[in-house]
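Report on one structure; see the data block that follows.
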Amino acid sequence: MAEIVLSPTSAFAGIPRGRSGQTDGPPGVIASERTDLAMATIIARKGQSAALRDTVREIYGLKLPIRPTWVGNDELAFLWSGPDQWLALATGTIGPLSPLRERVGVRAFASFEDAASETTASKALTPPFPTRGRGSPAGGFVDIETELRESIGAFAAISAQGDGRAVLRLSGPNVHDTLAKGLPIDLHESAFKPGDVAITQIAHIGVTIRQIDSSPTYEIILARSLSLSFWSWLVASSGEFGLDFT
Amino acid sequence: MAEQPFRLKQTGRLGTEKPLAFTFDGKRYEGMAGDTLASALLANGVQLVGRSFKYHRPRGIFSAGSEEPNALVELRSGARREPNTRATMIELYDGLDARSQNRWPSLSLDLLAVNSLAAPILSAGFYYKTFMWPSQFWEKVYEPLIRRAAGLGRAAQEADPDHYEKATAFCDVLVIGAGPAGLMAALAAGRAGARVILAEEDFRLGGRLLGDRRRLDGQPSPQWVAQIEAELDEMPNVRIMTRTTVFGAYDGGVYGALERVSDHLPEPLPFTPRQRLWHIIARRTVLAAGAIERPLLFGNNDRPGVMLAGAVRTYLNRHAVAPGGRAIVFATNDDAARTVADLTAAGIAVVALVDPRPRPPSSSIDLADRVGAAFVTGIISRAIGLRQVEAAVVETDRGRTIVYDCDLIAVSGGWNPSIHLSTHLGGKPVWNEDRAAFLPGTPPPGTTVIGAAAGDFALRDCLAEGARAGLDAAEGEGFDGDEPALPEVDPEGTGIGPLLTTTAARGKTFVDLQNDVTVKDVELANREGFHAVEHLKRYTTLGMATDQGKTANVLGLALMAELTGKPIAAIGTTTARPPFTPVAIGALAGHHRGRDFRPTRLTPSHDWAARQGAVFVEAGQWLRAQYFPRPGEADWLATVNREVNAVRTSVGVCDVSTLGKIDIQGADAATFLDRVYTNTFSTLPVGKARYGLMLREDGFVMDDGTTARLADDHFFMTTTTANAAKVMQHLEFCHQWLWPELDVALVSVTEAWSQYAVSGPKSRDVLRTVIDPEHDISDAAFPYMAAGAISVGGIPGRLFRLSFSGELAYEIALPASYGNALIQALMEAGAPFGIVPYGTEALGVMRVEKGHVAGNELNGTTTAHDLGLGRMVSAKKDFIGRTLANRAALIDTNRPRLAGFRPVDRTERLRAGAHFIQLDTEAVAANDQGYMTSVAFSPTLGHWIGLGLISGGEKRIGEIVRAYDPVRNGDIAVEIVAPVFVDPEGVKLRG
């Protein structure tokens, strides 16, 4: 048998790109799938919370949040996901056993505010899905689990999660009107800001939502197996405004 | 098309002249934009619009709002047919089609009106008394008869074609009601900068300012409303929600509201819902819901042409419709003067103003004089006319009887503040004698009740309270502002007489129009001992059904107070619960109907399996492939047999991604597992997996699964599909609450891995070509129960040598996004061996053949011993459930225990659920010895086999018992056998 080359299938791969709902005028909601993210859960080991935060700050220049917010940029971000628990997101544009620290280190951000100005505008949001494995000329993927085990494994349990989560980026003039049809939290600028994170649900589907910028742009992270049910809700809820899936 | 003979020449305040065509009972009419169905019918002189619930009496339009008890119609047709819609709430649209209901064969000739003749026996409690005996007649005879005779409209038979939505909104200040009080409140809070939601049931803002001719700052009231509305519209922090009824108050500042997004259209616009159910989460609330007018009691007070006085004014002033041509006004309050003046201004003759108050205001007397109406101190005792009021019989305080010809009787017995929302969280209404009304007791936290809803009926007070309450609410949330200047208003009389109950009524006198409850029914309830308000309601049905007695309740209470000689305050009032007005079930469901009823979870191979023609089955939220039929196969059993045979003789692959997967890490991970499993995991070597059994605290089995040790401090646990969430919750509880001192971290990774069982004698051969060559998976290097890291095409994954089928088998896992590619790689690699995909049915057959327990046996009532797993219960350590598992009843060896079963006549089919009874004993519960939990046709053995729980279990091997299944008429002899039917020594899985 010939050498095996496996190609990944993203959570929303089966959804046709383009416009749905009403088609007059510009779309009210713009959605795009992020397929470039590696993810891992970080849980502080017993009594190691402070050491973990110190180490992350030292190595990655980021302050692990202790309330529902996120820090970082498009290449590496930490989302609060519970007491002493975080979700690390990294883009897959760097090689195996990556020099992630250096890549992030050159732009180490102390807070979200610093990061926001520098990254969101300058970086393409959806680079091509990284090829993983030996058949790929680019050769590799972000092994976030190994990377984090090496850097902070003494202080935290690391569990790879990336492939289990689907990530949608949502923006557009009617993004609030649409999310209000499922999300039970207040997204008004006085209540939820860029850098904020909430762990909640939409249409009975557990989600993590984080605000990327004040335009506003949000990222919804959900279980991969539920992506089609989520999509069904999104299409129904954005229909009156028009949805563009890019 | 008919003219609109009762449309007033002055176009009123409809705002547009646009004509709209509609039909009622098949007849074509014309109305105007801004009409309700009620106002359009009145404009066309249609007075008779329905028949009453019990007596089928002719009924007309009684009110102009959501309190309407009478004018219920069927709206639209086909799948969109909606019964019992209030004509007063239906916005007219072009092409509207409505029908009267509860009549046969026609509205004007309703044969069931003979019920009226039977009225003496149809009184309150009639059903309870008459249909008591014989009791078995109730379902088959009485109820169908009653249903045909009574009831109102007909629901659509087809599925609702429209979409509904649910949504959440947040605000600092929720203002409920956009009459003068609510408008001022919204203005004050909005100007201060607070986030305001102004919710209004009507399709226009203004409340009574639309129905009454008032002047504010010298302008007609609708102009003033438009000006305020324009300012509110401009404020980005104010959201105006019209056609939105706030129907319930809940804990934590949560309000339920129904927005009728498309009810005013023939059908919803594309991508637009019919209705939207809102959860409004408000920090503060201003309740300015206004008040509902009370009727008065007199004979035939239900005839078409008897109408609430405020509604008369609304039809005149807002809709430019004359509800009659010759009117009499009967009122206990100063509003009567307004009604007389408005009727006169519209050119309608007012023949008399009847006021029972001994000292009526001189202004009323003067006004009557001026317009040529008789002023009578007295009452109306009876209306004359059948399908339409023709005259009113008036009794003066001096004992004279006068009959006035008229076609309209405008009545007002005062106003009931709309306090419903203030009572939803337990606030008890308080009777106020001066205002002759129940006023709000303690409203929900953060809520202020103002204006007419608080019993302050004067316009001046409404405006002032609105301004104050709106600003207070905003300031309470940290905003600063000034109270808006109050407009100058024209003077008004607000005098009100006491609640009028005693009448010299003659003829049928209705308290509750919708339920046909008369004064006599209330008297009967009293005589029979149903004095308490809640009893009165249940016994007479007073205050039930779609209007929940909005116009009737207080009158009923007042009657009962009088009959029992108690003050109203002592009688109390029934509890108003949500919803304030009816809410369609569709709105409560929102998006979640049909396949969106709940979310569906799909595995990474789902699309691939669908392309292979898989039949799917629900397993919790998951859809799993049940079997993969091929052309030519007779039935599902043929398919499943083929799949089982393929696995037993060669190789098959099954998606097991749905199993719960929990990553467990930490220095104390092994200790933790020792405490949650009955067996020991601290002794498990790295690179090995072990089957584990978990008990609940009460000693019964909770779940089973295999757990692998990936490193000294790293375990990977699997759970059953069904119990994945429950086990995770249990482990979190143990970790966070029982043993917080342990260094252990738990996280679900169910979604992260796509996992396939590759089973059968050729499974290793298949995997050898898929797994990268540097990984040695030979039996020596990777024996039974081994677990380790592998890679496929460079993608790192995991391999476990586990077997549920009893064959040589593996589970291979790759990151979920590679699941689709992996199944195809496995199928390609397996093609030379005739690999088949198999589903949950074949999986089930093979596990029964191997005697493995699953959900049917792990059913919450079985212990480890019951399931033959006693050897897995360690005696050397403590674990959850240990103590209670040793209760005498749980270790009783006569408990039903797991055994295998096969039919004595091998051609017989076994049925799960059949109960075991000893041969030659009677099939009664006392002789029950257990039941069959799982059955399967074993293609390996060529006959049906089963697992079951039977007293004594394996001790009785060889015995023959009855498997009795009365549900499917099964009663066969079965032999008790060992629960492992295939390869009991386990030779194959170690191959």
Residues of region B:778-818 that turn out to be away from chain A (no Cβ under 14 Å), without any contact (Cβ under 8 Å) to a residue 24 or more places away in the chain and surrounded by 20 or more Cβ atoms within 10 Å (Cβ to Cβ), as a count
1
So which helices (runs of 4 or more DSSP H) are wholly in region B:555-614 and hold at least 1 residues that are within 14 Å of chain A (Cβ to nearest Cβ)?
B:585-589, B:606-611
If the requirement is being without any contact (Cβ under 8 Å) to a residue 24 or more places away in the chain and not aromatic (Phe, Trp, Tyr), which of these qualifies: A:186, A:177, A:163?
A:186
Can you tell me which of B:600, B:573 is crowded, with 20+ Cβ neighbours inside 10 Å and touching a helix residue (DSSP H, G or I) at 6+ places or on another chain (Cβ under 9 Å)?
B:573
Pick out, from region B:922-991, the strands (runs of 3 or more DSSP E) lying fully within it that include 2 or more residues that are in contact with a helix residue (DSSP H, G or I) (Cβ under 9 Å, 6 or more places away or on another chain) and not aliphatic (A, V, I, L, M).
B:930-938
Answer yes or no as to whether residue B:340 is in a strand (DSSP E or B) and at pLDDT 95 or above.
no
Go through the residues of region B:174-184 one by one and say whether even a single one is touching a residue at least 24 places away in the same chain (Cβ under 8 Å), within 27 Å of the chain's Cα centre (by Cα) and within 14 Å of chain A (Cβ to nearest Cβ).
yes
Counting only helices (runs of 4 or more DSSP H) entirely within region B:138-216, those with at least 2 residues that are modelled with pLDDT of 95 or more and either surrounded by 23 or more Cβ atoms within 10 Å (Cβ to Cβ) or not assigned by TED's automatic domain parsing to the domain that holds residue B:287 (or both) are B:180-191, B:208-211
Just checking, which of B:684, B:673, B:693 is buried (at least 19 other Cβ atoms within 10 Å of the Cβ), of a type outside the set (Ser, Thr, Tyr) and part of a strand (DSSP E or B)?
B:693
Tell me yes or no: at least one residue of region B:897-907 is outside the structural domain of residue B:986 (by TED's automatic domain parsing), surrounded by fewer than 20 Cβ atoms within 10 Å (Cβ to Cβ) and either among the hydroxyl-bearing types (Ser, Thr, Tyr) or over 19 Å from residue B:978 (Cα atoms) (or both).
no
Residue by residue through region B:87-111, note down the ones that are surrounded by 17 or more Cβ atoms within 10 Å (Cβ to Cβ) and modelled with pLDDT under 95.
B:99, B:100, B:101, B:102, B:103, B:107, B:110
Checking residue B:315 against (1) touching a Lys or Arg at 6+ places or on another chain (Cβ under 6 Å); (2) under 21 Å from residue B:38 (Cβ atoms), which test does it fail?
(1)
Which of the residues that make up region A:124-145 are facing chain B (nearest Cβ under 10 Å), in contact with a strand residue (DSSP E or B) (Cβ under 6 Å, 6 or more places away or on another chain) and modelled with pLDDT of 70 or more?
A:145
Single unsatisfied condition, residue B:804 versus (1) within 24 Å of residue A:227 (Cα to Cα); (2) modelled with pLDDT under 95; (3) not small (Gly, Ala, Ser)
(1)
Criterion first (surrounded by fewer than 20 Cβ atoms within 10 Å (Cβ to Cβ), farther than 20 Å from residue A:82 by Cα and either more than 10 Å from every other protein chain (Cβ to nearest Cβ) or touching a helix residue (DSSP H, G or I) at 6+ places or on another chain (Cβ under 6 Å) (or both)) does residue A:217 satisfy it?
yes
Among the residues that make up region B:815-823, is at least one of them outside any helix (DSSP H, G or I) and at pLDDT below 95?
yes
Only listed residue being hydroxyl-bearing (Ser, Thr, Tyr), at pLDDT below 95 and surrounded by 24 or more Cβ atoms within 10 Å (Cβ to Cβ), chosen from B:494, B:503, B:540, B:546:
B:540
Could you check region B:711-758 and list, in sequence order, the residues that are among the hydrophobic types (A, V, I, L, M, F, W, C), farther than 24 Å from residue A:224 by Cα and surrounded by fewer than 20 Cβ atoms within 10 Å (Cβ to Cβ)?
B:711, B:733, B:734, B:737, B:738, B:739, B:742
Selection within region A:146-189 - more than 8 Å from chain B (Cβ to nearest Cβ), polar (S, T, N, Q) and part of a loop (DSSP other than H, G, I, E, B)
A:174
Unique match (being out of contact with any Leu (no Cβ under 9 Å at 6 or more places or on another chain), within 14 Å of chain B (Cβ to nearest Cβ) and touching a residue at least 12 places away in the same chain (Cβ under 8 Å)) among A:192, A:230:
A:192
Entirely in region B:702-777, the strands (runs of 3 or more DSSP E) that have 3 or more residues that are aliphatic (A, V, I, L, M)
B:745-748
Quick one: would you say residue B:684 is in contact (Cβ under 8 Å) with a residue 40 or more places away in the chain, more than 14 Å from chain A (Cβ to nearest Cβ) and of a type in the set (A, V, I, L, M)?
no
Tell me the strands (runs of 3 or more DSSP E) entirely within region B:219-329 that contain at least 2 residues that are under 29 Å from residue B:479 (Cα atoms), assigned by TED's automatic domain parsing to the domain that holds residue B:175 and not polar (S, T, N, Q).
B:238-241, B:244-250, B:254-259, B:275-287
The strands (runs of 3 or more DSSP E) lying entirely within region A:1-100 that contain at least 2 residues which are crowded, with 20+ Cβ neighbours inside 10 Å, within 14 Å of chain B (Cβ to nearest Cβ) and modelled with pLDDT under 90 are A:37-44
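The values are calculated or read from the model by the stated rules, or taken from the named source; none is laboratory data. Values in this document were obtained by computation on a predicted structure and should not be read as measured data. Because the Cβ atoms are built from the backbone with ideal geometry, glycine has one as well, and the counts that use them run over all protein chains shown.
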